[in-house]
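Report on the structure given below.
The values are calculated or read from the model by the stated rules, or taken from the named source; none is laboratory data. These numbers come from a predicted model, not from an experiment. Just the protein is used for accessible areas: all its heavy atoms, side chains included, with ligands, DNA and RNA removed. Shrake-Rupley method; radii C 1.70, N 1.55, O 1.52, S 1.80 Å.
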Amino acid sequence: MSNSTLSVSVVMATYNGEKFLAAQLDSIIQQTMPADEVLIIDDCSTDGTVEIIRAYQQLHGNIRLLLNSSNQGSNRTFEAALHSSKGDLIFISDQDDIWVANKVETMVNDWEVHRAGLTSSDGCIIDQYGVQRAPSELEFWGHKKPLNTQESLFLVNCYSGHNMMLSKDFIRLAQPFPAGPVYDHWLAVVACGLGQLRHLPIALTQHRIHDHNQVNGANKSRPRKSKRARFKSSRNALYQLANAVISLPGEQPAKPLAKILLKQAYAPRTIFSFTTFFHLLRLRKFLFPSDSLKKQLRRIKNYSLGPLGYFL
């Protein structure tokens, strides 16, 4: 396909995003290569989010709005949006970022050459006032370079959904999404296993960090979970990701590691697994290439904790 025959969709999941939504929509509408479709699914917002979207619909015929009948959370909402999108190439958008004007054009042109199932760019970090706080999102989250093996990505995700462009064919391979892990982590793991993961070292998204981010912010409106509840939630997500990796067809590099971690899940009285610890210790430079030794050991300890590990 050439640019003239490719169709492009942007998908967005919204929830109480009225404060920054207009700036994000403006940056999408003003792209040098306009999207054919901007599909927004609102997850039962209680503020003025839906009214803002409907006002933009009156001005721009490529905006579609769907409303969840009950709150589904960002994972399920983004999965539904990706499934319902019509484009050959689909961009994922947060509700509170700002896109660089040539983001769509740059990534589509790159796809014409490399045909990756998942293409991800870098981004920069801005605050609630739009002031840049870090020139590289990748480095902001502690990664010297993007991870490019399925084993390392299985444990540490460095790819954010708001930087991703997906092909429709790849989305079909990646669905359904497992319930536990964040959707962009799953997409990166699947794409890497298929040899369909590509990274562009260009900041094409201004990613906004503020108090009410759905994923990365402090989100002071949410009640803080106890240490035990947070541990159980993260452990369940890890085990669900491991089960999903094992269920993928063909030879997946992360399957042996996933099986080792699942042994902890099937031993519910385990506090610490020395088997996991020494396995990860041997592979620490391969699995955590950007981390200092201290951080590698901290990660290894964390992944070696069993279902009762919150006691440590």
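What the table shows:
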quantity: Label assignment, semi-axes √(5λ) of the Cα gyration tensor in Å derived from the structure, set [x] 46, 20, 18; [y] 33, 22, 19; [z] 30, 25, 19; calculated: [y]
quantity: Sequence-distant residues sharing a close amide H with ILE63 (under 5 Å, placed H); calculated: VAL38
quantity: Residues of type lysines that LYS227 reaches as a straight line, Cα spacing below 24 Å, ignoring anything fewer than 8 places off in the same chain; calculated: LYS263, LYS294, LYS295, LYS301
quantity: Amide proton proximity set for CYS44, modelled H, under 5 Å, gap of 5+; calculated: ASN68
quantity: Karplus-derived 3J(HN,Hα), 6.51/-1.76/1.60, for each residue of region 88-104, Hz, glycine and proline x; calculated: 6, 10, 10, 9, 9, 10, 6, 8, 9, 8, 9, 8, 4, 4, 9, 4, 4
quantity: Extension gain, LYS259 back to LEU297 (0.36 nm per residue minus Cα-Cα distance, nm); calculated: 11.6 nm
quantity: Surface share of carbon and sulfur [accessible, 1.4 angstrom probe, percent] for the chain; calculated: 54 percent
quantity: Where HIS143, HIS279 fall by accessible area, highest first, once all protein chains stay in place (1.4 Å); calculated: HIS279, HIS143
quantity: Residue-normalised accessible area of the chain, expressed per residue, 1.4 Å probe, Å²; calculated: 47 Å²
quantity: DSSP-defined antiparallel bridges as percent of all bridges, the chain, nearest 5; calculated: 30 percent
quantity: Centroid-to-centroid separation of region 1-78 and region 148-192 [C-alpha atoms, Å]; calculated: 21 Å
